[in-house]
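Here is the structure we will look at.
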Amino acid sequence: MMDITPEQARTLAAIVAEGSFEAAADELSVTASAVSQRIRALETAVGRPVLTRGRPPALTDAGHVVVRYARRLELLTADLAEELQPAGPHTAPRLTLVINSDSLHTWALTGVVAAGTAARLEILREDQEHSLDLLRSGAAAAAVTATAEPVPGCTSRRLGTMRYLAACTPDFARRWFPDGVSADALDQAPMMAFDRKDDLQDRWLASMQSSGSRPPRHYIPAAQEFADAIRQGLGWGLMPDLELDGDLRSGRLGLLSPGTPVDVTLYWQQWRQGSAALTGVADAIRAAASVLH
(Lines give C-alpha, C1' and ligand atoms only; values in the text may rest on other atoms or scores of the structure.)
Protein backbone atom coordinates (compact mmCIF):
# COMPACT_ATOMS: atom_id res chain seq x y z
CA MET A 1 0.00 0.00 0.00
CA MET A 2 1.35 3.44 -0.96
CA ASP A 3 1.90 5.51 2.21
CA ILE A 4 1.78 9.20 1.31
CA THR A 5 1.17 11.55 4.24
CA PRO A 6 -0.77 14.81 3.93
CA GLU A 7 2.35 16.70 5.07
CA GLN A 8 4.38 15.27 2.21
CA ALA A 9 1.73 16.15 -0.35
CA ARG A 10 1.27 19.67 1.02
CA THR A 11 5.03 20.17 1.01
CA LEU A 12 5.27 19.29 -2.66
CA ALA A 13 2.39 21.65 -3.47
CA ALA A 14 4.12 24.42 -1.51
CA ILE A 15 7.37 23.95 -3.45
CA VAL A 16 5.52 24.34 -6.73
CA ALA A 17 3.48 27.32 -5.51
CA GLU A 18 6.42 29.17 -3.92
CA GLY A 19 9.04 28.27 -6.52
CA SER A 20 11.78 26.79 -4.33
CA PHE A 21 12.50 24.51 -1.37
CA GLU A 22 13.53 27.49 0.74
CA ALA A 23 10.41 29.52 0.02
CA ALA A 24 8.26 26.44 0.73
CA ALA A 25 10.00 26.05 4.07
CA ASP A 26 9.12 29.65 4.98
CA GLU A 27 5.50 29.12 3.89
CA LEU A 28 5.20 25.93 5.98
CA SER A 29 7.18 27.31 8.95
CA VAL A 30 9.67 24.42 8.85
CA THR A 31 13.34 24.17 7.96
CA ALA A 32 14.60 23.66 4.43
CA SER A 33 16.07 20.37 5.66
CA ALA A 34 12.61 19.20 6.73
CA VAL A 35 11.24 20.05 3.28
CA SER A 36 13.98 17.99 1.62
CA GLN A 37 13.36 15.06 3.97
CA ARG A 38 9.63 15.08 3.24
CA ILE A 39 10.23 15.07 -0.52
CA ARG A 40 12.73 12.22 -0.26
CA ALA A 41 10.22 10.23 1.83
CA LEU A 42 7.48 11.04 -0.69
CA GLU A 43 9.58 9.83 -3.61
CA THR A 44 10.37 6.65 -1.70
CA ALA A 45 6.64 6.07 -1.14
CA VAL A 46 5.77 6.84 -4.78
CA GLY A 47 8.70 4.87 -6.12
CA ARG A 48 9.79 7.54 -8.60
CA PRO A 49 10.80 11.24 -8.68
CA VAL A 50 8.10 13.84 -8.13
CA LEU A 51 10.28 16.82 -9.01
CA THR A 52 13.04 17.78 -11.38
CA ARG A 53 15.53 19.83 -9.38
CA GLY A 54 15.72 22.93 -11.54
CA ARG A 55 15.16 26.62 -10.96
CA PRO A 56 12.26 26.62 -10.43
CA PRO A 57 11.61 22.93 -9.64
CA ALA A 58 9.22 21.26 -12.10
CA LEU A 59 6.74 18.48 -11.43
CA THR A 60 7.04 15.06 -12.99
CA ASP A 61 3.90 13.18 -14.05
CA ALA A 62 3.82 11.53 -10.63
CA GLY A 63 4.29 14.92 -8.99
CA HIS A 64 1.25 16.33 -10.78
CA VAL A 65 -0.87 13.51 -9.35
CA VAL A 66 0.36 14.21 -5.82
CA VAL A 67 -0.25 17.96 -6.12
CA ARG A 68 -3.82 17.32 -7.29
CA TYR A 69 -4.29 15.20 -4.18
CA ALA A 70 -2.82 17.93 -1.96
CA ARG A 71 -5.08 20.64 -3.35
CA ARG A 72 -8.19 18.52 -3.09
CA LEU A 73 -7.20 17.60 0.45
CA GLU A 74 -7.04 21.29 1.34
CA LEU A 75 -10.59 21.79 0.10
CA LEU A 76 -11.87 18.77 2.00
CA THR A 77 -10.10 19.94 5.16
CA ALA A 78 -11.78 23.33 4.88
CA ASP A 79 -15.18 21.64 4.51
CA LEU A 80 -14.48 19.46 7.54
CA ALA A 81 -13.51 22.47 9.66
CA GLU A 82 -16.68 24.29 8.62
CA GLU A 83 -18.88 21.33 9.55
CA LEU A 84 -17.21 20.64 12.90
CA GLN A 85 -16.82 24.27 13.98
CA PRO A 86 -19.29 26.37 11.97
CA ALA A 87 -18.96 29.33 14.32
CA GLY A 88 -15.17 29.25 14.51
CA PRO A 89 -12.66 31.30 12.52
CA HIS A 90 -11.56 29.54 9.34
CA THR A 91 -8.92 30.22 6.74
CA ALA A 92 -10.47 30.22 3.29
CA PRO A 93 -8.96 27.51 1.06
CA ARG A 94 -6.78 28.46 -1.89
CA LEU A 95 -8.16 27.89 -5.37
CA THR A 96 -6.43 28.37 -8.69
CA LEU A 97 -8.67 29.21 -11.64
CA VAL A 98 -7.79 29.59 -15.32
CA ILE A 99 -9.64 32.38 -17.12
CA ASN A 100 -8.77 33.75 -20.54
CA SER A 101 -7.94 37.44 -20.81
CA ASP A 102 -10.99 38.43 -22.86
CA SER A 103 -13.38 36.88 -20.35
CA LEU A 104 -11.54 38.41 -17.40
CA HIS A 105 -11.57 41.79 -19.12
CA THR A 106 -15.25 41.80 -20.12
CA TRP A 107 -17.43 39.71 -17.79
CA ALA A 108 -15.62 37.27 -15.50
CA LEU A 109 -14.08 39.76 -13.07
CA THR A 110 -17.52 40.36 -11.56
CA GLY A 111 -17.70 36.64 -10.75
CA VAL A 112 -14.14 36.59 -9.41
CA VAL A 113 -14.94 39.44 -7.01
CA ALA A 114 -18.08 37.66 -5.79
CA ALA A 115 -16.15 34.41 -5.42
CA GLY A 116 -13.52 36.07 -3.26
CA THR A 117 -15.67 35.50 -0.19
CA ALA A 118 -15.50 31.71 -0.68
CA ALA A 119 -11.78 31.21 -1.32
CA ARG A 120 -8.37 32.79 -1.71
CA LEU A 121 -8.04 32.96 -5.46
CA GLU A 122 -5.14 32.75 -7.86
CA ILE A 123 -6.18 33.57 -11.41
CA LEU A 124 -4.05 32.27 -14.26
CA ARG A 125 -4.63 33.95 -17.62
CA GLU A 126 -4.56 31.47 -20.45
CA ASP A 127 -6.32 31.27 -23.79
CA GLN A 128 -9.64 29.42 -23.57
CA GLU A 129 -8.36 26.87 -26.09
CA HIS A 130 -5.31 25.99 -23.97
CA SER A 131 -6.52 26.18 -20.37
CA LEU A 132 -7.20 22.45 -20.04
CA ASP A 133 -3.51 21.60 -19.76
CA LEU A 134 -3.45 23.42 -16.42
CA LEU A 135 -6.65 21.71 -15.29
CA ARG A 136 -5.39 18.31 -16.41
CA SER A 137 -2.07 18.74 -14.62
CA GLY A 138 -3.75 19.69 -11.34
CA ALA A 139 -2.34 23.22 -11.42
CA ALA A 140 -5.90 24.57 -11.41
CA ALA A 141 -9.16 23.46 -9.82
CA ALA A 142 -11.37 24.97 -12.50
CA ALA A 143 -11.14 26.68 -15.85
CA VAL A 144 -13.10 28.70 -18.35
CA THR A 145 -12.50 26.77 -21.57
CA ALA A 146 -13.78 26.45 -25.11
CA THR A 147 -13.80 22.64 -24.82
CA ALA A 148 -17.05 20.94 -23.88
CA GLU A 149 -15.59 17.46 -23.31
CA PRO A 150 -14.62 17.28 -19.64
CA VAL A 151 -11.09 16.48 -18.56
CA PRO A 152 -10.95 13.12 -16.72
CA GLY A 153 -12.05 13.69 -13.14
CA CYS A 154 -13.87 16.93 -14.00
CA THR A 155 -17.34 18.12 -14.86
CA SER A 156 -18.21 20.51 -17.69
CA ARG A 157 -21.05 23.01 -17.87
CA ARG A 158 -21.87 25.51 -20.62
CA LEU A 159 -21.48 29.16 -19.64
CA GLY A 160 -22.53 30.88 -22.86
CA THR A 161 -21.05 32.22 -26.07
CA MET A 162 -18.66 35.12 -26.54
CA ARG A 163 -19.22 36.85 -29.86
CA TYR A 164 -16.24 38.46 -31.58
CA LEU A 165 -16.46 41.02 -34.38
CA ALA A 166 -13.73 42.27 -36.70
CA ALA A 167 -13.17 45.98 -36.10
CA CYS A 168 -10.88 48.84 -37.04
CA THR A 169 -10.87 52.64 -36.98
CA PRO A 170 -12.51 54.62 -39.78
CA ASP A 171 -9.10 56.01 -40.83
CA PHE A 172 -7.67 52.48 -40.98
CA ALA A 173 -10.59 51.33 -43.13
CA ARG A 174 -10.15 54.27 -45.53
CA ARG A 175 -6.44 53.53 -45.89
CA TRP A 176 -6.50 49.75 -46.24
CA PHE A 177 -10.01 49.03 -47.53
CA PRO A 178 -10.80 51.96 -49.86
CA ASP A 179 -12.76 49.66 -52.20
CA GLY A 180 -14.26 47.48 -49.46
CA VAL A 181 -13.10 44.32 -47.72
CA SER A 182 -11.54 41.92 -50.23
CA ALA A 183 -9.10 39.02 -50.15
CA ASP A 184 -6.38 41.21 -51.67
CA ALA A 185 -6.95 43.98 -49.15
CA LEU A 186 -6.99 41.54 -46.22
CA ASP A 187 -3.68 40.15 -47.41
CA GLN A 188 -2.09 43.60 -47.04
CA ALA A 189 -3.82 45.23 -44.07
CA PRO A 190 -1.97 44.89 -40.72
CA MET A 191 -3.75 42.49 -38.38
CA MET A 192 -3.76 42.24 -34.58
CA ALA A 193 -3.26 38.98 -32.69
CA PHE A 194 -3.12 38.35 -28.96
CA ASP A 195 -0.21 35.90 -29.20
CA ARG A 196 0.99 33.13 -31.49
CA LYS A 197 -1.69 30.75 -30.18
CA ASP A 198 -4.47 33.19 -31.06
CA ASP A 199 -6.30 31.88 -34.13
CA LEU A 200 -9.49 33.96 -33.91
CA GLN A 201 -8.46 36.31 -36.70
CA ASP A 202 -7.51 33.36 -38.91
CA ARG A 203 -10.91 31.81 -38.27
CA TRP A 204 -12.56 35.04 -39.35
CA LEU A 205 -10.38 35.18 -42.47
CA ALA A 206 -11.51 31.64 -43.30
CA SER A 207 -15.15 32.71 -42.95
CA MET A 208 -14.40 35.45 -45.47
CA GLN A 209 -12.92 32.84 -47.85
CA SER A 210 -9.51 34.38 -47.25
CA SER A 211 -7.94 31.51 -45.31
CA GLY A 212 -4.81 31.74 -47.46
CA SER A 213 -4.15 35.33 -46.44
CA ARG A 214 -1.03 35.99 -44.39
CA PRO A 215 -1.29 39.67 -43.49
CA PRO A 216 1.40 41.42 -41.45
CA ARG A 217 0.69 40.83 -37.75
CA HIS A 218 1.15 42.73 -34.53
CA TYR A 219 1.14 40.69 -31.30
CA ILE A 220 -0.06 42.29 -28.06
CA PRO A 221 -0.81 39.73 -25.29
CA ALA A 222 -2.98 41.89 -23.02
CA ALA A 223 -6.71 42.39 -23.48
CA GLN A 224 -6.87 46.11 -22.67
CA GLU A 225 -3.79 47.01 -24.68
CA PHE A 226 -4.92 44.80 -27.58
CA ALA A 227 -8.18 46.73 -27.81
CA ASP A 228 -6.46 50.09 -27.36
CA ALA A 229 -4.06 49.29 -30.20
CA ILE A 230 -7.04 48.68 -32.52
CA ARG A 231 -8.62 51.94 -31.32
CA GLN A 232 -5.38 53.77 -32.14
CA GLY A 233 -5.19 52.30 -35.64
CA LEU A 234 -2.34 49.81 -35.32
CA GLY A 235 -4.33 47.09 -37.07
CA TRP A 236 -7.69 45.40 -37.41
CA GLY A 237 -8.69 42.64 -35.03
CA LEU A 238 -11.50 40.75 -33.38
CA MET A 239 -12.99 42.20 -30.22
CA PRO A 240 -15.79 40.89 -27.97
CA ASP A 241 -19.12 42.54 -28.72
CA LEU A 242 -19.42 43.16 -24.96
CA GLU A 243 -16.48 45.55 -25.29
CA LEU A 244 -17.28 46.97 -28.73
CA ASP A 245 -20.74 48.43 -28.18
CA GLY A 246 -19.57 51.82 -26.94
CA ASP A 247 -16.93 52.16 -29.66
CA LEU A 248 -19.47 51.37 -32.38
CA ARG A 249 -22.05 53.82 -31.03
CA SER A 250 -19.49 56.62 -30.85
CA GLY A 251 -18.07 55.87 -34.29
CA ARG A 252 -14.60 55.37 -32.88
CA LEU A 253 -14.54 51.93 -34.47
CA GLY A 254 -16.40 50.29 -37.32
CA LEU A 255 -16.93 46.70 -38.41
CA LEU A 256 -15.15 45.16 -41.36
CA SER A 257 -18.06 42.86 -42.12
CA PRO A 258 -21.05 43.20 -39.75
CA GLY A 259 -22.64 39.85 -40.58
CA THR A 260 -19.62 37.64 -39.95
CA PRO A 261 -19.04 37.16 -36.21
CA VAL A 262 -16.81 34.47 -34.71
CA ASP A 263 -18.64 32.78 -31.83
CA VAL A 264 -16.72 30.99 -29.08
CA THR A 265 -18.80 28.89 -26.70
CA LEU A 266 -17.34 28.80 -23.21
CA TYR A 267 -17.59 26.06 -20.59
CA TRP A 268 -16.81 25.87 -16.90
CA GLN A 269 -14.80 22.77 -16.09
CA GLN A 270 -13.97 21.91 -12.49
CA TRP A 271 -12.86 19.00 -10.38
CA ARG A 272 -15.64 16.44 -10.04
CA GLN A 273 -14.86 15.98 -6.36
CA GLY A 274 -16.09 19.38 -5.28
CA SER A 275 -16.21 21.32 -2.04
CA ALA A 276 -18.24 24.12 -0.54
CA ALA A 277 -15.63 26.67 -1.64
CA LEU A 278 -15.44 25.38 -5.21
CA THR A 279 -19.24 25.29 -5.45
CA GLY A 280 -19.40 28.90 -4.27
CA VAL A 281 -16.84 29.98 -6.85
CA ALA A 282 -18.65 28.11 -9.63
CA ASP A 283 -21.98 29.73 -8.72
CA ALA A 284 -20.40 33.19 -8.83
CA ILE A 285 -18.75 32.61 -12.22
CA ARG A 286 -21.93 31.20 -13.73
CA ALA A 287 -23.93 34.18 -12.48
CA ALA A 288 -21.44 36.57 -14.08
CA ALA A 289 -21.67 34.62 -17.35
CA SER A 290 -25.37 35.48 -17.69
CA VAL A 291 -24.35 38.40 -19.92
CA LEU A 292 -23.07 36.01 -22.60
CA HIS A 293 -25.13 34.92 -25.61
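The values are calculated or read from the model by the stated rules, or taken from the named source; none is laboratory data. In this text the structure is predicted, and so the values were computed from the model without any measurement. A quick note on method: Cβ atoms are made from the backbone with ideal geometry, for glycine too, and the neighbour counts reach across all protein chains shown. Protein only, heavy atoms only, side chains kept; ligands, DNA and RNA dropped before computing areas. Shrake-Rupley method; radii C 1.70, N 1.55, O 1.52, S 1.80 Å.
Relative to one another, the C-alpha centroids of the range 56-87 and the range 10-30 are positioned 14 Å apart.
Extension gain L121-R286, at 0.36 nm per residue separation less the Cα-Cα distance, in nm?
Values: separation 165, 0.36 × 165 = 59.40 nm, distance 1.63 nm.
So the extension gain works out to 57.8 nm.
Element breakdown for the range 26-113 at a 1.4 angstrom probe: carbon and sulfur atoms account for 54% of the accessible area.
Could you pull out the longest piece of the chain with no exposed loop trypsin sites (Lys or Arg not before Pro) in it, calling a site exposed if DSSP puts it outside H, G, I, E, B and it has at most 13 other Cβ atoms within 10 Å? If you can, show how the numbers build up before the last one.
Values: sites that count: R53, R196, K197, R272.
In short, 54-195.
Structural descriptor for the range 168-239: relative contact order 44 percent, calculated from alpha carbon pairs under 8 angstrom and at least 6 residues apart.
Here's the picture: a label point sits 7 Å out from the Cα of L248 along the beta-carbon direction, and within the range 158-184 the residues with their amide nitrogen under 16 Å of it are 161-170. Protein heavy-atom accessible surface, 1.4 Å probe, per residue over the range 12-57: 55 Å². You can think of it this way: the chain between L73 and T161 has 28.3 nm of extra reach, that is 0.36 nm per residue less the Cα-Cα gap. Antiparallel beta bridges, as assigned by DSSP with both residues in the chain, represent about 65 percent of the total such bridges. Relative contact order of the chain: 22 percent, from C-alpha pairs under 8 Å at least 6 residues apart in sequence. Rounded to 0.05, the FRET efficiency of the R40 and L84 pair, given R0 = 25 Å and the Cβ-Cβ distance, is 0.15. Looking at the square roots a ≥ b ≥ c of the eigenvalues of the Cα gyration tensor of the range 28-116, which shape do they give, rounded for a/c under 1.5, prolate if a/b is larger than b/c, or oblate? Taking the square roots of the gyration eigenvalues as a ≥ b ≥ c, the range 28-116 is oblate. Using C-alpha pairs below 8 Å separated by at least 6 residues, the relative contact order for the range 50-204 is 17 percent.
Around P150, what is the net charge, scoring Lys/Arg as +1 and Asp/Glu as -1 over all other residues with Cβ under 13 Å from its Cβ?
On the way: positive: R136, R157, R158, R272; negative: E149.
My count for the surroundings of P150 gives +3.
Among the GluC sites (Glu not before Pro) found in the range 63-157, those both in a DSSP coil and sparsely packed, with 16 or fewer other Cβ atoms within 10 Å of their Cβ, are E129.
Let me know the whole percent of all Cα-Cα pairs from the range 225-270 that are separated by more than 17 Å.
On the way: 394 of 1035 pairs.
I get 38 percent for the Cα pairs in the range 225-270 exceeding 17 Å.
Under the classification rounded if a/c is under 1.5, otherwise prolate if a/b is larger than b/c and oblate if not, where does the range 148-217 fall, given a ≥ b ≥ c as square roots of the Cα gyration tensor eigenvalues? Prolate shape, in that a/c is at least 1.5 and a/b is the bigger ratio.
Give me the net charge of H293's neighbourhood, meaning all other residues with Cβ under 13 Å from the Cβ of H293; Lys, Arg count +1, Asp, Glu -1. Please list the in-between numbers first.
Details: positive: R158, R163; negative: D241, D263.
Counting the neighbours of H293, the net charge comes to 0.
Quick check on the range 153-285: take the gyration tensor over C-alpha atoms, sort the square-rooted eigenvalues as a ≥ b ≥ c, and tell me if it's rounded (a/c under 1.5), prolate or oblate. Since a/c reaches 1.5 and a/b is larger than b/c, the shape of the range 153-285 is classed as prolate.
Nothing charged except the Cβ atoms of Lys and Arg (+1) and of Asp and Glu (-1): what's the magnitude of the dipole of the range 1-156 about its Cα centre? Round to the nearest 20 debye. Mind dumping the intermediate values first?
Numbers: 13 positive and 19 negative charges, 71 e Å.
It works out to roughly 340 debye.
A simple charge model with +1 on the Cβ of Lys and Arg, -1 on the Cβ of Asp and Glu and nothing else charged puts the dipole of the chain at about 280 debye relative to its Cα centre.
Specify the inter-centroid distance of the range 91-150 and the range 207-253, based on alpha-carbon positions, in whole Å. Spelled out, the Cα-based centre of one part sits 25 Å from the other.
Apolar share of the accessible surface for the range 246-293: 50 percent from carbon plus sulfur atoms, 1.4 Å probe. Each label was represented as a point 7 Å from its Cα along the Cα-to-Cβ direction; for Q232 and Q209 these points are 3.7 nm apart.
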